[in-house]
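Enquirer: The structure that follows is given in the form of structure tokens.
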Amino acid sequence: MAVSDPAPPLQILAREPEGFSIWTGPPFSNGQPGVKLEKVPCATSKFSEDGSKLMVIKPDLKICIYDCSSFSEIRSFEIPNVLAAAISPKGTYLQTFQKFSTPQDKNVVLWNIETGDPVYQLFQKGMSKTTWPSIQFSSDEAASCRLATNEIQFFDSGDFSKGFIYRLRIPGIAAAELSKSPGSYVAAFVPESKGIPASVQIFPCDKDLQTQPVARRNFFRCSTVQLSWNYGSNGLLAVAQSDVDKTNQSYYGESKLYYLTTDGAHEGLVSLRKEGPVHDVRWSSSGSEFAVVYGFMPAKATIFNKKCNPLFELGTGPYNTIRWNPKGNFLCLAGFGNLPGEMAFWDYVEKKLIGTAKAEWSVTSEWSPDGRYFMTATTAPRLQVDNGVKIFNHNGSLYFKKMYDKLYQAEWKPEAPERFCDIAELVQSIGSLKVEETKLQGKGSKSSQPKTTIPTVHKPAAYRPPHAKAAATVQAELLGGGPTEQLSKNALRNQKKREKQREKKAAEGSSAGNGS
């Protein structure tokens, strides 16, 4: 990063019942965050993917768009009966879903935020995770498409007045996922039906190349699927889930992980080394590796390369969540939800564990855009008590904590990771500051200098049931030995007592003989 292009400051959005506010992110000057924007009443808030715009739905259902450089309102939309809204990745378009009365009502509207005018309208009967937002965009908004009945419709992102310009027919399609960077491919999922297996297929977005899929995988026992593209749009991970586990090993059904590449080199199952569900899977920022948390508890975590070969094992533990930092050099392996909140922080470059921490009852978790901080939040309505925010350093040490009576949302303002320097440069600069600070403190008395002590971490002893402890004690008393150091001391003490008693009896016997 050039010196003339300074890194942007980190900022955090926190939404309470009274509204949302914007904090200045870490590092904090006096241990507490500053307030960039005071509380603004709202019911929902969402940043655009690039962090340039903020969409806010007010309590009166008025939709306001803020420019994130100044956090000033630049556009507002008053849309009756609005049920949902979404903002495009670069903040160019706003998409709204309204309650309809007749099928003739075009209840999905795409608005141009700059002009405030509608650019495209359509009718959509229902809304679900697979059908909302109705129109999908690539990260650069160069490509856009929509899932329709038995087909995918493609648009000219520069001119939606043309309507869809071509369509890709896929009978039975239930879900589609457009690749993000770049938007050159689209993945389609067709569930199984009447003995025909389910399938995941990859098609190019170019109309002239859509005669057949570039990759395809068929499989049975699948009701839903989660599709995840890598950065570079040449690899796709598909987590196939079924509602019923025919092996009766899991109450939550069965899941399998598949990996497909756009060059057709790999179209198969990812070989996982432990039986059980796939808890979480994430691509690194480079798009060359992906990390998977899988298996019955204690779960196992493994990092794979683009050829689907295992690169590194992160061990086992009570984990169900994994997060790469935006630079791809640190990972957080955690167990949230119904797990106790254990977190393990790994240096992927050095392949070593650098710290552990705990964040109980966390609902959301994410790295900061610069990759230095990891934030967890306990939010309502998932949890109504102990709401709050915790921010950890990249090595797991707690940096900041704040509790709330009720917190609905806490998230970082998105920024491009390349705008920040690497962690190594930051650590080096911080180290030089610490050296200067030490020199200044050295001029004062030595007694005034703070002393840092590193607590020793003791490995917890293995659990021993009471009957085993009693058996070990009896063994120590009878045989004069035991499996642990404490039992050996007890046995030695008992042995000395017995020797003293024998010596006392012998002394009493000898004195009685002399008296006679």
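The values are calculated or read from the model by the stated rules, or taken from the named source; none is laboratory data. This is a predicted model, so every value here is computed, not measured. When we count neighbours, we look across all protein chains shown, and the Cβ atoms used for this are built from the backbone with ideal geometry, even at glycine. SASA here: full protein model, heavy atoms, side chains in, ligands and nucleic acids out. Shrake-Rupley method; radii C 1.70, N 1.55, O 1.52, S 1.80 Å.
Enquirer: Only one of (1) assigned to a strand (DSSP E or B); (2) open to solvent by 70 Å² or more (accessible area, probe 1.4 Å) fails for residue 212. Which number is that?
Expert: The single condition residue 212 does not satisfy is (1).
Enquirer: Give me the strands (runs of 3 or more DSSP E) completely within segment 249-366, filtered to those with at least 3 residues that are within 29 Å of residue 234 (Cβ to Cβ) and either open to solvent by less than 20 Å² (accessible area, probe 1.4 Å) or touching a Ser or Thr at 6+ places or on another chain (Cβ under 8 Å) (or both), ordered by residue number.
Expert: Ranges flagged: 254-261, 278-283, 289-294, 299-305, 310-317, 321-324, 330-334.
Enquirer: What are the residues in segment 367-377 that are open to solvent by less than 20 Å² (accessible area, probe 1.4 Å) and assigned to a loop (DSSP other than H, G, I, E, B), if any?
Expert: Of everything in segment 367-377, those that are open to solvent by less than 20 Å² (accessible area, probe 1.4 Å) and assigned to a loop (DSSP other than H, G, I, E, B) turn out to be 368, 369, 370, 371.
Enquirer: Take residue 136 and tell me if it is under 31 Å from the mean Cα position of the chain (by Cα) and either on the phi > 0 side of the Ramachandran plot or assigned to a strand (DSSP E or B) (or both).
Expert: yes
Enquirer: Considering only segment 215-231, how many residues are over 20 Å from the mean Cα position of the chain (by Cα), open to solvent by 30 Å² or more (accessible area, probe 1.4 Å) and modelled with pLDDT of 85 or more?
Expert: The qualifying residues number 4.
Enquirer: Restricting attention to segment 171-181, which residues are under 32 Å from the mean Cα position of the chain (by Cα) and either among the aliphatic types (A, V, I, L, M) or modelled with pLDDT of 90 or more (or both)?
Expert: 172, 173, 174, 175, 176, 177, 178, 179, listed by residue number.
Enquirer: Against the definition (open to solvent by 30 Å² or more (accessible area, probe 1.4 Å), assigned to a strand (DSSP E or B), under 25 Å from residue 11 (Cβ atoms) and modelled with pLDDT of 90 or more), how does residue 382 come out, yes or no?
Expert: So residue 382 fails the test.
Enquirer: Still on this structure, I have one more. Looking only at residues in segment 6-38 that are assigned to a loop (DSSP other than H, G, I, E, B) and among the polar types (S, T, N, Q), which one is nearest to residue 378 (Cα to Cα)?
Expert: Taking the candidates together, the pick is 32.
Enquirer: Let me ask something additional. Please state which of the following conditions residue 55 fails to meet, knowing it meets all the rest: (1) at pLDDT 90 or above; (2) assigned by the TED database to the domain that holds residue 108; (3) open to solvent by 30 Å² or more (accessible area, probe 1.4 Å).
Expert: Here residue 55 clears every test but (3).
Enquirer: Sort out which residues of segment 123-135 are under 15 Å from residue 94 (Cβ atoms) and open to solvent by less than 40 Å² (accessible area, probe 1.4 Å), and write them in order of number.
Expert: Result: 134, 135.
Enquirer: Just checking, which of 342, 313, 350 is of a type in the set (D, E, K, R) and without any contact (Cβ under 8 Å) to a residue 12 or more places away in the chain?
Expert: The conditions single out 350.
Enquirer: For the list (1) assigned to a loop (DSSP other than H, G, I, E, B); (2) more than 33 Å from the chain's Cα centre (by Cα); (3) not assigned by the TED database to the domain that holds residue 62, I need the number of the one condition that residue 165 fails.
Expert: With respect to (1) assigned to a loop (DSSP other than H, G, I, E, B); (2) more than 33 Å from the chain's Cα centre (by Cα); (3) not assigned by the TED database to the domain that holds residue 62, residue 165 is out only on (1).
Enquirer: Okay, moving on. Only one residue in 73, 151, 114, 49 is modelled with pLDDT of 90 or more, among the acidic types (Asp, Glu) and open to solvent by less than 20 Å² (accessible area, probe 1.4 Å), so which one is that?
Expert: 151
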